[in-house]
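For reference, the structure discussed in these notes is given below.
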Amino acid sequence: MWVWRSFTWLGVLLMAGPLGAQPEKVLHVDLSYGAPGNGPATNFTPHGAQVKLSDLPKSVRLPEGAALPAKTGVMEVGPNQDAWVRILVTADGDHPQDLCRIYIDRNGNGDFGDDGPAITAKPTMNEKTKAWWSSFKSNELSIPYGAAVVEPYLVDFWTVREGENAPDMIRYTVRSWRTGKVNIDGVDALVAVMDSDNNAIFDAQDEWSILAASEKDAPKRVLSYQEARPSKRYMFVANADGKELVLEFRGLTADGRELTFAVVDRAITKAEDRAPDDTLAGERSRPRTSQPFAWISSNFEKGAAEARASGKKLIVDFWASWCGPCHSLDEWIWTDAEVASALNAGYVGVKLDGDLEKHLVSRFHVSGYPTVIVLDSSGKELHRFNYLSSKQMVEALK
């Protein structure tokens, strides 16, 4: 349902711009809580937020079933400190090294023993990294936004133990969203808003999506990363005449209960607006190499020795299996004919899995993936960069 915002005649003229232009239509959409269940769900989540943990004071009694180590922390979610959520994370008798139980102070009284049973996880070892993971799926919190306004908020928690000691941090990511329906110039549309920064505050920092309800797989697509965009980006729906209406974000209430947007007059189509998002568009037409560059895998010292002996530069590609741009580098950039030619002519290359080569990640101060570092034959760093297109990579390798 859309609602006209009231205007004075002066306001109408100011918003209309040039004489004869139509005033903007401002619409307000009621949104409600959405979470994974039997229907469609989002196919992406934000990067995990961190909650720092400190040891529980020895004077505090542990809840039943909990064991040391026991650590506490605060999730800074919601509009103010009154909404923040304190958690207790502990081991148990079967897993004395792992933080595998979570107690949530749901009533905010500082007592972790009166809020119901613990959320539990069974620690499992990652075969590649040998780290122990405890994953806590689908935990619903209640976030207060003011007098009599409380909204559910669904998160996944996880902890990772990489050595003998329990970690001093737990991570979480939001799994819920806000959803609604609206009629735009006679077109029924689906609306979704995703909290992109894990803070349970809905605002212009988050992502939104609007699709005509009649579009194929609209309930699923409106929740997808293929359709969702930051609030500064436009949304588009086609009306009964086939005209593409341009929709501009105007605001969200902090509790996620209402979205405001406007139908605006902009000379742009969805295809034009989305075209720059396809970062591989320029790669598909470029020739592939018939002489692939030979990377040395997981052996930095061997690569450094070959570079010294040959007088070539050493290029080091720090990657991770979960890193999307890293896979794009492998599929499209390193296989580009011009890039491979430059590499074969003047470089020795080493690929290092950042999840495994922790000492080299620390030595080279790698903070994200991919990170590509170029060293001279003596091992002096010349420059570093992250993901580049083929054309940019050719220039960087010169």
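Given the conditions (1) closer than 30 Å to ALA267 by Cβ; (2) of a type in the set (Phe, Trp, Tyr); (3) in a strand (DSSP E or B); (4) touching a Phe, Trp or Tyr at 6+ places or on another chain (Cβ under 9 Å), report the number of the one that TRP158 does not fulfil. TRP158 satisfies every listed condition except (1). Residue count for region 258-267 satisfying the condition of being in contact (Cβ under 8 Å) with a residue 12 or more places away in the chain and open to solvent by 50 Å² or more (accessible area, probe 1.4 Å): 3. Please go through region 144-180 and pick out each residue that is farther than 30 Å from GLU127 by Cβ, over 25 Å from the mean Cα position of the chain (by Cα) and in contact (Cβ under 8 Å) with a residue 24 or more places away in the chain. Of everything in region 144-180, those that are farther than 30 Å from GLU127 by Cβ, over 25 Å from the mean Cα position of the chain (by Cα) and in contact (Cβ under 8 Å) with a residue 24 or more places away in the chain turn out to be GLY146, VAL149. Every test in (1) of a type in the set (Val, Ile, Thr); (2) out of contact with any Ser or Thr (no Cβ under 8 Å at 6 or more places or on another chain); (3) not in a loop (DSSP other than H, G, I, E, B) is passed by VAL191 save one, and that test is (2). Of the residues making up region 63-81, those that are part of a loop (DSSP other than H, G, I, E, B) and not small (Gly, Ala, Ser) are PRO63, GLU64, GLU76, VAL77, PRO79, ASN80. From the list HIS327, HIS383, the one residue that fits, being open to solvent by 20 Å² or more (accessible area, probe 1.4 Å), within 25 Å of the chain's Cα centre (by Cα) and not charged (D, E, K, R), is HIS327. Answer yes or no: is there a residue in region 174-184 that is modelled with pLDDT under 95, open to solvent by 40 Å² or more (accessible area, probe 1.4 Å), of a type outside the set (Gly, Ala, Ser) and not in a strand (DSSP E or B). Within region 174-184, none of the residues are modelled with pLDDT under 95, open to solvent by 40 Å² or more (accessible area, probe 1.4 Å), of a type outside the set (Gly, Ala, Ser) and not in a strand (DSSP E or B).
The rows are residues; the columns are (1) within 18 Å of TYR33 (Cα to Cα); (2) touching a Lys or Arg at 6+ places or on another chain (Cβ under 9 Å); (3) at pLDDT 95 or above.
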| residue | (1), (2), (3) |
| --- | --- |
| LYS130 | no, no, no |
| LYS137 | yes, yes, yes |
| PRO152 | yes, no, yes |
| VAL191 | yes, yes, yes |
| ASN199 | yes, no, yes |
| GLU207 | yes, yes, yes |
| PRO230 | no, no, yes |
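On the given criteria, is GLY78 at pLDDT 95 or above, under 30 Å from VAL222 (Cβ atoms), in contact with a strand residue (DSSP E or B) (Cβ under 9 Å, 6 or more places away or on another chain) and not hydrophobic (A, V, I, L, M, F, W, C)? Here the answer is yes, as GLY78 does meet what is asked.
Okay, residues lined up against (1) under 17 Å from the mean Cα position of the chain (by Cα); (2) not hydroxyl-bearing (Ser, Thr, Tyr):
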{"site": "MET194", "(1), (2)": "yes, yes"}
{"site": "ASN198", "(1), (2)": "yes, yes"}
{"site": "GLU207", "(1), (2)": "yes, yes"}
{"site": "ALA228", "(1), (2)": "yes, yes"}
{"site": "LYS243", "(1), (2)": "no, yes"}
{"site": "VAL246", "(1), (2)": "no, yes"}
{"site": "THR253", "(1), (2)": "no, no"}
{"site": "PHE261", "(1), (2)": "no, yes"}
{"site": "ASP273", "(1), (2)": "no, yes"}
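Looking only at region 209-225, which residues are touching a residue at least 24 places away in the same chain (Cβ under 8 Å), of a type outside the set (Phe, Trp, Tyr) and either open to solvent by 50 Å² or more (accessible area, probe 1.4 Å) or assigned to a strand (DSSP E or B) (or both)? Result: SER209, ILE210, LEU211, ALA212, SER214, PRO219, LYS220. For region 30-56, the set of residues classified as touching a Ser or Thr at 6+ places or on another chain (Cβ under 9 Å) and either of a type in the set (Phe, Trp, Tyr) or free of Cβ contacts under 8 Å to residues at least 24 places away in the same chain (or both) consists of TYR33, PHE44, ASP55, listed by residue number. Answer yes or no: is there a residue in region 330-343 that is open to solvent by less than 30 Å² (accessible area, probe 1.4 Å) and within 24 Å of the chain's Cα centre (by Cα). The answer is yes, given that some residue of region 330-343 is open to solvent by less than 30 Å² (accessible area, probe 1.4 Å) and within 24 Å of the chain's Cα centre (by Cα).
Restricting ASP355, ASP317, ASP273, ASP255 to residues that are touching a strand residue (DSSP E or B) at 6+ places or on another chain (Cβ under 8 Å), assigned to a loop (DSSP other than H, G, I, E, B) and surrounded by 12 or more Cβ atoms within 10 Å (Cβ to Cβ) narrows the list to ASP255.
What are the residues in region 335-384 that are small (Gly, Ala, Ser) and touching a residue at least 60 places away in the same chain (Cβ under 8 Å), if any? SER377, SER378, GLY379 - these are the residues of region 335-384 that are small (Gly, Ala, Ser) and touching a residue at least 60 places away in the same chain (Cβ under 8 Å). Within region 1-56, the set of residues being open to solvent by 30 Å² or more (accessible area, probe 1.4 Å), at pLDDT 90 or above and outside any loop (DSSP other than H, G, I, E, B) comprises LYS25, HIS28, ASP30, SER32, TYR33, GLN50, LYS52, SER54, ASP55. The residue that is farthest from ASP185 (Cα to Cα), counting only those in region 265-323 that are touching a Lys or Arg at 6+ places or on another chain (Cβ under 7 Å) and not acidic (Asp, Glu), is ALA307. Candidates are the residues of region 104-134 that are of a type in the set (Val, Ile, Thr) and closer than 25 Å to PRO57 by Cα; the one that is least open to solvent (accessible area, probe 1.4 Å) is ILE104. Residues of region 276-305 that are open to solvent by 40 Å² or more (accessible area, probe 1.4 Å) and part of a strand (DSSP E or B): ARG288, TRP295, SER297.
The values are calculated or read from the model by the stated rules, or taken from the named source; none is laboratory data. As the structure is a prediction and not an experimental result, all values here were calculated from the model. Quick reminder, even Gly has a Cβ in these numbers, built from the backbone with ideal geometry, and neighbours come from all protein chains shown. Quick note on the areas: whole protein, heavy atoms, side chains included, nothing else; ligands and nucleic acids left out. Shrake-Rupley method; radii C 1.70, N 1.55, O 1.52, S 1.80 Å.
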